[in-house]
1. Answer yes or no: is there a residue in region 170-187 that is on the phi > 0 side of the Ramachandran plot, at pLDDT below 90 and not assigned by TED's automatic domain parsing to the domain that holds residue 252.
2. Is there a residue in region 294-302 that is in a helix (DSSP H, G or I), touching a strand residue (DSSP E or B) at 6+ places or on another chain (Cβ under 8 Å), under 30 Å from residue 507 (Cα atoms) and in the same structural domain as residue 517 (by TED's automatic domain parsing)?
3. Give the residue that is modelled with the highest pLDDT, with candidates limited to residues of region 85-106 that are outside any helix (DSSP H, G or I) and crowded, with 18+ Cβ neighbours inside 10 Å.
4. From 482, 461, 475, which residue is under 16 Å from the mean Cα position of the chain (by Cα) and of a type in the set (S, T, N, Q)?
5. Answer yes or no: is there a residue in region 107-118 that is within 30 Å of residue 257 (Cβ to Cβ), buried (at least 18 other Cβ atoms within 10 Å of the Cβ) and hydrophobic (A, V, I, L, M, F, W, C).
6. I want to confirm something. Restricting to region 517-534 and keeping residues that are farther than 23 Å from residue 301 by Cβ and surrounded by 19 or more Cβ atoms within 10 Å (Cβ to Cβ), which single residue is nearest to the chain's Cα centre (by Cα)?
7. List the pairs whose first member sits in region 208-227 and is more than 15 Å from residue 490 (Cβ to Cβ), whose second member is at pLDDT 95 or above and in a loop (DSSP other than H, G, I, E, B), and whose Cβ atoms are under 8 Å apart, counting only residues at least 6 apart or on separate chains?
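The values are calculated or read from the model by the stated rules, or taken from the named source; none is laboratory data. What you see is a predicted model; the values in this text were computed from it and never measured. Note that we place each Cβ from the backbone using ideal geometry, even for glycine, and neighbour counts take in every protein chain shown.
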Amino acid sequence: MDVVQGERPREFLMTGHPDAAASLHPHELVSLAAGFLRTGRDEVRFLWHDGGTWSTVRMARQVAPTGRPAALVTYAPANLPFRVTDREVDILTLVALGLTNGQISERLGTSPRTVSTQVERLLTKLDQRTRGGLAALVVDSALIRLPVPGGTDDVPSIGPVEVERGTATTEDPRRTPSRQRLRQRRFLLGTVVPSRGPVSPDGVEAARGSTLAIEQVNQRGGIGGRLIEHLLVEVDMTNPDAVRESFESLFDQEVDAITTSYVNAENPFVLDMVADFGRPFLHVATFEEQVELVRQEPTRYGMVFQTCPSETHYGSGLVRFLDQLVAQGMWQPRARRIVTIEVDALSTHTTNETFIKSADQSGWRIHDVIRVPIGLRSWSDVVRRVAAADPDVVMITHFVAGDVVALQAALHAARIEALVYHVYGASIPEFAERLGDVAEGVIWSSVTGLYDDTLGDRFRQAYLQRFGAAPGWAQASAAYDQVGLLASAWAATDSHSPGEVIRYMRQSAYRGLNGVYYLGAPGQASRGYPDEVADPSLGQAQMVYQYQGGSARALSPATNGDLRNFRLPAVGS
């Protein structure tokens, strides 16, 4: 390493305690020399940063004239080699100590994605092929810096580390973000909402729900006095490039966590992006395939949480509801025949083996499965196919508001004599607002639905007052709860550390507007009541509602609704 031109190396002899000569030199360097004497090593070399300049340091064990052990300390201001920057020295030091990108990011207050980019740049700059080669170069060139960024806990005991551990020297507050300073800064939450494109009504609901939650937290003084800053990104989820850019924009701003509705369901590459980023990611994709990915690779995707149950039990939930109606004498089917209409989307497969098996066991037959594209302009062929099947029940699984409204209107006009049961789609406010009386009697369900209780009433009132419109029954409250989950974790851990927050979220339960969130099971998704957990205090109820007089009435389960509120729908006109 090149000594700064015009500067001459300085040296002092350090015995067991600072003497007059040593006191003329930097205090932290004197303390490090005392630490060196405690190591028992004969020689140590490292870089030292005093907050303003870099210096090369060599400490060698000697014997003082008095016969006592001593350290000869030689140091000189130096230029960093290989044109590396101050931050790159931090990265090189921590790579040489064997830390992963995630561990480095926690120490430096950045993201694993940023660290990964910096490591790749250093491999190129220093002409190395592997991290091992990079580490060897750092040790050989004495580029390990003291103080160690983030401290010496949980790092190998090589020479410079032992020196620092043997001293009273602490982290350099000008070089590394101390835990205290990290605690003092506000929390930064990014939210990606599909408020552009075909599912914009859902995106608006999610944006409003998360905004209201953050405003309420901040009005209460934030989290230990620290406010939550909200970075809201609007996107058309049918445009993969726009989705990718939206997440990259949040990564670049080093957000502490990211929430979304179901943008990742139709853009599965998002999971790898957030895995590289390493911060908590909460979504409501209701997509078992992605839950299974987390279940199979918990290390890679351990920051991904689905804050709702999966779609697996929608069909069996329908069968259970129908059986209850029949058992209570509220409705009698003619032929126990079901037709399902599903949107042809990556994440929509509710007519699955679980549904088919459940239906068969209860004496129901799934007569036809009709897959429809997003944006279908004419529903006449679909309606004719339904009419030809003459079903007792039509189950519709579609999440695009405009399409769902048009389909329901077409079924009503055709006077289809069947119970119409929507999976989620009818929860969107636009459904009842546009259809008016045509929505009367429509039944619908959601595995993440707003409970019709005191908490739900308060939320609806606050939402109406804030936005001048009533919330829907799923997305707004789900987004609100995502903020609550994160705020609870940040408050409990008093930390920005992704690792600490993620561990807390796995180990705790949270009661929100849409039920109880327990995310500690393999796959890190909420558990559904009553299909996955028998205790309603440990899961989210699969809510079943019916539109009556322009409002939704909760019918099921018994813990959250009343089946006696069911009304037999009139046949369309």
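1. Here is the first cut: in region 170-187, the residues on the phi > 0 side of the Ramachandran plot are none.
The answer is no; no qualifying residue exists.
2. The first filter runs over region 294-302 and keeps only residues in a helix (DSSP H, G or I), leaving 294-296.
Now restrict to residues that are touching a strand residue (DSSP E or B) at 6+ places or on another chain (Cβ under 8 Å): 294.
Add one more test, that the residue is under 30 Å from residue 507 (Cα atoms), and what stays is 294.
After this cut, where a residue has to be in the same structural domain as residue 517 (by TED's automatic domain parsing) as well, the list is 294.
Checking region 294-302: at least one residue is in a helix (DSSP H, G or I), touching a strand residue (DSSP E or B) at 6+ places or on another chain (Cβ under 8 Å), under 30 Å from residue 507 (Cα atoms) and in the same structural domain as residue 517 (by TED's automatic domain parsing).
3. 97
4. 482
5. For region 107-118, residues within 30 Å of residue 257 (Cβ to Cβ), buried (at least 18 other Cβ atoms within 10 Å of the Cβ) and hydrophobic (A, V, I, L, M, F, W, C): present.
6. Filtering region 517-534 down to residues farther than 23 Å from residue 301 by Cβ leaves 529-531, 534.
After this cut, where a residue has to be surrounded by 19 or more Cβ atoms within 10 Å (Cβ to Cβ) as well, the list is 529, 531.
Details: 529: 23, 531: 25 Å.
Result: 529.
7. Between residues of region 208-227 that are more than 15 Å from residue 490 (Cβ to Cβ) and residues that are at pLDDT 95 or above and in a loop (DSSP other than H, G, I, E, B), the close pairs are 208/471; 209/471.
Every residue, every condition in (1) surrounded by fewer than 24 Cβ atoms within 10 Å (Cβ to Cβ); (2) farther than 30 Å from residue 313 by Cα; (3) among the hydrophobic types (A, V, I, L, M, F, W, C), yes or no:
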position	(1), (2), (3)
201	yes, no, no
210	no, no, no
224	yes, yes, no
230	yes, yes, no
234	yes, yes, no
253	yes, yes, no
258	no, no, yes
276	yes, yes, no
289	yes, no, no
